[in-house]
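The values are calculated or read from the model by the stated rules, or taken from the named source; none is laboratory data. Computed from a prediction, not measured in an experiment: that's the story for all the values here. Positions of Cβ are generated from backbone atoms using ideal geometry, with glycine treated the same way; all protein chains shown enter the neighbour counts.
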């Protein structure tokens, strides 16, 4: 059973709104959900353990607001479309049948009183930009720890009066969340640790802590769910069963410190070596320009970060972004560039070389070893570190601290959200190229420069197959 689909608004019926309220409130909220319903604040977060009934509480709260405030505009977001459909679209279609009109083309429920609930998702970092210029009195962020701080900040810009309401209303945001995920740190800082910066005001942030034991309906009808949570690994069990925000270590690189590792740009001395590190993908091309001091300190001084570039265009962009008088000794790149494409029969290495991108060498792609070495470069010793980043490399600076631990391999970084992995991957290639086992092209002969690296890379892949299977498990 689905909400009526039409381009026109549902026709009001006598007592329809009151009847809808009775239907919703027929399922009595447990005390924590009731606290969420009545909370007052600019940003209200409800979260902690799994099974606390957070999604139901979010849907119910937003529907009650739509019924109570004519003309209100509400935006409900999940990270992916699949999550949005299963957790909210289908339940709301059933709940709002014959009450609100479902407009599938714009993904919104239109109510007879002029209110609307729009449903959306932000799969990639840039998806949030589609809401720029829009206005919503209420924004619901489901699983807020799956969103980056950048996405959260962008959405706060849309949280304002829409001009469609006849009565006064204070815009607000509702968030549900569990510990862990790419947004763990900012959610924990604002709502759990209550550490505020700049213009942030403590009174604007309200946190209602939930646990599975609060959910009387679940405990009565599915008590076995507790056993599922208890069987999880220790760190995850503490987070998902107890709602412990300190069980996850958070950032994959806690060593990264903006005040230490980021510096203003300066003119690089001519005697410093220079090279590039490239992680290519159609979804994102990340290239870093790196200078190395005589004593081995690396400075990332430029970046290219752009999506939807085919191989030839990416190579051209890298070449154009490199000054004519820059002596780039080599470019270490993702090894899959040496794989031949089925469409052309040529490798990415060949296609990029044709565009003038010279000195390409396959990166040492050992993930765990690479992250360990990068951690050493970031580590502060005697008030010094071996890696600095120019402030103009905004995407590397943004994404490196957002990396999280892989839940299956605690020594590896998570591969999601995928958008934030490209620049750190390029940085991993960069530090690995400076290690003794990863030969730099600084001393290569002309014969070696023209050598078919595809042969070398095939050997490397064969050698590392067992290790790769372990890492990719």
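Go through the residues of region 203-213 one by one and say whether even a single one is out of contact with any helix residue (DSSP H, G or I) (no Cβ under 7 Å at 6 or more places or on another chain), part of a strand (DSSP E or B), within 30 Å of residue 170 (Cα to Cα) and touching a residue at least 24 places away in the same chain (Cβ under 8 Å).
The answer is yes, given that some residue of region 203-213 is out of contact with any helix residue (DSSP H, G or I) (no Cβ under 7 Å at 6 or more places or on another chain), part of a strand (DSSP E or B), within 30 Å of residue 170 (Cα to Cα) and touching a residue at least 24 places away in the same chain (Cβ under 8 Å).
Among the residues of region 96-141, which ones are over 28 Å from the mean Cα position of the chain (by Cα) and assigned to a strand (DSSP E or B)? Step through it out loud before you land on a result.
Initial filter on region 96-141 (over 28 Å from the mean Cα position of the chain (by Cα)): 96-103, 110-115.
The answer is 101, 102, 103, 110.
Within region 56-95, track down each residue that is part of a loop (DSSP other than H, G, I, E, B) and either under 12 Å from residue 116 (Cα atoms) or outside the structural domain of residue 170 (by TED's automatic domain parsing) (or both). Steps first, answer last, please.
Pass one, region 56-95, residues part of a loop (DSSP other than H, G, I, E, B): 69-72, 79-80.
Hits for region 56-95 are 69, 70, 71, 72.
Could you check how many residues of region 151-199 are surrounded by fewer than 17 Cβ atoms within 10 Å (Cβ to Cβ) and touching a helix residue (DSSP H, G or I) at 6+ places or on another chain (Cβ under 8 Å)?
Going through region 151-199 one residue at a time, the tally reaches 3.
Which condition from (1) at pLDDT 60 or above; (2) part of a helix (DSSP H, G or I) is the one that residue 471 breaks?
In the conditions (1) at pLDDT 60 or above; (2) part of a helix (DSSP H, G or I), residue 471 misses (1) alone.
Report yes if residue 181 is within 28 Å of residue 283 (Cα to Cα), part of a strand (DSSP E or B) and either modelled with pLDDT under 95 or not assigned by TED's automatic domain parsing to the domain that holds residue 64 (or both), otherwise no. Working first, answer last.
Values: within 28 Å of residue 283 (Cα to Cα): yes; part of a strand (DSSP E or B): no; either modelled with pLDDT under 95 or not assigned by TED's automatic domain parsing to the domain that holds residue 64 (or both): yes.
Taking the combined requirement at face value, the residue does not satisfy it.
Restricting attention to region 250-267, and to residues there that are assigned to a loop (DSSP other than H, G, I, E, B) and within 19 Å of residue 432 (Cα to Cα), which single residue is farthest from the chain's Cα centre (by Cα)? Don't jump to the end; show me each part of the working.
Taking region 250-267 first, the residues assigned to a loop (DSSP other than H, G, I, E, B) are 250, 252-257, 264-267.
Remaining after also requiring within 19 Å of residue 432 (Cα to Cα): 252-253, 255-256.
On the way: 252: 14, 253: 16, 255: 20, 256: 18 Å.
Looking at the filtered set, the residue picked out is 255.
Residues in region 395-409: is at least one in contact with a strand residue (DSSP E or B) (Cβ under 8 Å, 6 or more places away or on another chain), assigned by TED's automatic domain parsing to the domain that holds residue 283, in a helix (DSSP H, G or I) and surrounded by fewer than 19 Cβ atoms within 10 Å (Cβ to Cβ)?
No - not one qualifying residue is present in region 395-409.
Residue by residue through region 378-408, note down the ones that are modelled with pLDDT under 85, more than 17 Å from the chain's Cα centre (by Cα) and within 28 Å of residue 126 (Cα to Cα).
Residue satisfying the conditions is 408 alone.
Looking at region 135-149, can you tell me whether even one residue there is assigned by TED's automatic domain parsing to the domain that holds residue 91, surrounded by fewer than 19 Cβ atoms within 10 Å (Cβ to Cβ) and at pLDDT 95 or above? Talk me through it step by step, then tell me what you get.
Taking region 135-149 as the starting set, the residues that turn out to be assigned by TED's automatic domain parsing to the domain that holds residue 91 are 135-149.
Filter once more, so that each one left must be surrounded by fewer than 19 Cβ atoms within 10 Å (Cβ to Cβ): 135, 149.
Next, from what is left, pick out any that are at pLDDT 95 or above: 135.
There is at least one residue in region 135-149 that is assigned by TED's automatic domain parsing to the domain that holds residue 91, surrounded by fewer than 19 Cβ atoms within 10 Å (Cβ to Cβ) and at pLDDT 95 or above.
I'm checking my understanding of the structure. Among residues of region 414-433 that are within 19 Å of residue 124 (Cα to Cα), modelled with pLDDT of 95 or more and touching a helix residue (DSSP H, G or I) at 6+ places or on another chain (Cβ under 7 Å), which one is surrounded by the most Cβ atoms within 10 Å (Cβ to Cβ)?
Only one residue tops the list, namely 423.
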